[in-house]
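As structure tokens, the structure follows; a few thoughts come after it.
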Amino acid sequence: MIALADTKISAAVDAGTLVATDMLPLARSASTTAYHATMAEIGVFAGTNLPVASTTTLGGVKIDGSTVTITSGTISAAVATPSSLTPVMDGAGNAGTATTYSRADHVHPSDTARLPLAGGTMTGPVVLAGVSTAPTATAGTNTTQIASTAFVQAQMVASGAGVSTWNTRAGAVVLQQADITAVGALHDVGRNLLHNPLFNVQQRGQGPWTTTSYTLDRWQLAMSLDTVNVSTLAISDAQRAAIGDEQAYFAPVNTFTGNAGAGAYNFIRQPIEGLRRLAGKTVTVSFWAWDSAGALRLGVSLLQLFGTGGSPSPVVAMNGIAVTLSTTPTRYSATFNVPSASGKTLGTNGDDCTYVNLWYSSGATNNTAAGGIGVQSGTINLWGVQLEIGSVATPLEKPDPRYDLSNCQRFYQTGAMINIGVELTAGAAHQIGASLLGSMRATPTMVVASNSNANITGFSLGALNASYVFTGGSVSAGNTLTTINITFTASADL
């Protein structure tokens with residue numbers, strides 16, 4: 001056995017290449033005696049496999065333990081073989097252990113678990129970090145394409161004029177009563193600032209009224225020069241069907257003849273207590289109306305009255321808005337921007353208010369306030385009047401009957417006082433008192449409606465305050481049955 005003991009002695013340029021004249025130190029196995037031999041001498045061992053220790057260095061080239069074959073003076077190690085396996089897909093970094101190599105034209109397979117730069121479909125949710133962008137679609141695009149914020153803004157601007165179609169209508173759709181009938185289910189009690197909007201409260205009777213006066217509760221007839229006759233109409237089934245509400249019972253009906261005089265007019269109105277409640281707000285008046293001929297017009301206007309007492313500011317009248325009526329009950333509305341009361345002075349009597357006026361006819365003097373309806377004659381019916389804050393007429397709020405009556409009794413109520421007794425002395429005072437049906441707006445004006453007193457002289461009736469009234473007189477004859485039996489009205493109307 002011959003072992004390579006040391007590096008070669010050679011003048012060759014490449015220290016790892018052996019030539020015939022190179023001298024190699026040799027030693028016999030288990031011998032410390034060294035010999036030198038040329039490659040030609042070693043050639044006799046051609047074709048002989050030499051086991052080489054892993055620490056042996058041959059000609060400056062370290063042998064790694066492989067079998068070295070010496071052939072015709074050339075020493076060669078075992079050659080690495082190429083792998084015949086398909087390269088693995090990219091993954092986590094790894095040094096590897098295989099001793100084979102990959103060919104220069106090898107190709108790694110595509111990782112089907114990852115999306116390509118273009119195309120592909122993601123099947124799960126995606127979370128994008130930071131501010132991500134996407135192409136902006138053309139306005140009007142209606143696909144599953146991602147909508148950028150720029151697209152959304154463009155769509156909002158483009159659709160600002162109204163929806164394309166809604167509730168069977170096309171174009172710029174205007175909200176109508178039929179679109180929002182369900183709103184009545186909302187518990188927004190108090191939207192309607194008018195009292196007795198259905199004309200069901202009739203403490204003063206059903207008319208007729210032919211002069212300036214209160215008619216059905218809270219509704220005042222105002223007139224000058226015109227001929228008017230306001231009474232109460234029992235609404236028919238056909239009219240209820242046209243209104244679309246079976247709760248419609250009564251309507252004030254005005255049969256009138258307009259006068260050609262400039263100062264002529266006739267209208268009904270209701271004062272809304274507390275001018276500042278509506279000042280500086282947008283409000284809408286709505287109502288059902290119909291006429292006898294289908295050609296009359298009805299004017300709507302608002303007026304601010306700053307009250308009486310002291311030095312209140314002058315009234316502010318808003319221009320009226322007119323609607324043309326038909327013979328079928330129809331709902332109409334008009335919207336107003338009420339002026340602010342800032343810088344104005346209210347009266348000291350606490351009777352400032354905002355009037356809602358419904359005009360039947362007007363001469364030139366008041367025609368602007370009447371909405372330009374001019375002088376006209378005919379018959380007009382009303383029902384379901386509403387005044388609310390906002391620019392859209394919402395479904396009619398129909399107050400519970402007891403609240404409706406209570407609202408009206410704050411301004412006007414009827415009552416009775418009865419007392420029977422015996423006074424022993426003639427000329428003695430005989431008086432009784434009673435509480436009203438709720439506190440009124442102010443100390444009321446008392447009027448005796450009927451009197452069935454007996455054995456009473458010097459009878460009087462008065463109010464102590466807004467809640468308590470009294471009556472009495474002097475006994476005519478002593479030790480005689482004395483009776484006070486009256487009905488009365490108490491008015492604190494504006």
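The values are calculated or read from the model by the stated rules, or taken from the named source; none is laboratory data. Computed from a predicted structure; not experimentally measured. Here the Cβ is made from the backbone with ideal geometry for all residues, glycine too, and neighbour counts use every protein chain on show.
Within the set N196, N254, N200, the sole residue that is buried (at least 18 other Cβ atoms within 10 Å of the Cβ), on the phi > 0 side of the Ramachandran plot and not charged (D, E, K, R) turns out to be N196. Every test in (1) surrounded by fewer than 17 Cβ atoms within 10 Å (Cβ to Cβ); (2) touching a strand residue (DSSP E or B) at 6+ places or on another chain (Cβ under 6 Å); (3) of a type outside the set (V, I, T) is passed by W219 save one, and that test is (1).
Within the range 308-330, take every residue that is crowded, with 20+ Cβ neighbours inside 10 Å and not hydrophobic (A, V, I, L, M, F, W, C) and give me the one that is farthest from I235 (Cα to Cα). Per the criteria, the residue is G320.
Please pick out the residue among D226, D237 that is touching a residue at least 12 places away in the same chain (Cβ under 8 Å) and among the acidic types (D, E).
D226
Listed conditions (1) closer than 17 Å to L198 by Cβ; (2) in contact (Cβ under 8 Å) with a residue 60 or more places away in the chain; (3) under 32 Å from the mean Cα position of the chain (by Cα) are all met by T282, apart from (1).
Kindly indicate whether any position in the range 471-480 is under 49 Å from the mean Cα position of the chain (by Cα) and hydrophobic (A, V, I, L, M, F, W, C). No, there is no match, as no residue in the range 471-480 is under 49 Å from the mean Cα position of the chain (by Cα) and hydrophobic (A, V, I, L, M, F, W, C). Residues that are among the small types (G, A, S) and modelled with pLDDT of 95 or more were ranked within the range 265-307; the one that is surrounded by the fewest Cβ atoms within 10 Å (Cβ to Cβ) is G280.
Residues that are under 23 Å from R218 (Cα atoms), among the hydrophobic types (A, V, I, L, M, F, W, C) and in contact (Cβ under 8 Å) with a residue 60 or more places away in the chain within the range 436-494 comprise A442, F488, A490, A492, L494, listed in sequence order.
Checking the structure you have, find out if any residue of the range 189-203 is within 24 Å of Q376 (Cβ to Cβ) and in a strand (DSSP E or B). No; the residues of the range 189-203 include none that is within 24 Å of Q376 (Cβ to Cβ) and in a strand (DSSP E or B).
Pairs meeting the criteria (first residue in the range 334-345 and farther than 22 Å from S391 by Cα, second residue surrounded by 19 or more Cβ atoms within 10 Å (Cβ to Cβ), beta carbons under 7 Å, at least 6 apart or on different chains) are K344/F306; T345/F306; T345/P312.
Any residue that is modelled with pLDDT under 95 and within 29 Å of K281 (Cα to Cα) - is there at least one of those in the range 190-207?
Within the range 190-207, the subset modelled with pLDDT under 95 is 190-191.
Checking which are within 29 Å of K281 (Cα to Cα) leaves us with 190-191.
Among the residues of the range 190-207, at least one is modelled with pLDDT under 95 and within 29 Å of K281 (Cα to Cα), which makes the answer yes.
Applying a threshold of 8 Å to beta carbon distances and a minimum spacing of six or more residues, or different chains, the list of pairs starting in the range 298-326 at a residue that is closer than 16 Å to T348 by Cα and ending at one that is crowded, with 17+ Cβ neighbours inside 10 Å and at pLDDT below 95 is empty.
Inspect the range 236-255 for any residue being among the hydrophobic types (A, V, I, L, M, F, W, C), under 28 Å from A317 (Cα atoms) and part of a strand (DSSP E or B) and give the result as yes or no.
Initial filter on the range 236-255 (among the hydrophobic types (A, V, I, L, M, F, W, C)): 238, 241-243, 248, 250-251, 253.
If we keep only those that are under 28 Å from A317 (Cα atoms) as well, we get 251, 253.
This time we only want the ones that are part of a strand (DSSP E or B), so: 251, 253.
Scanning the range 236-255 turns up at least one residue that is among the hydrophobic types (A, V, I, L, M, F, W, C), under 28 Å from A317 (Cα atoms) and part of a strand (DSSP E or B).
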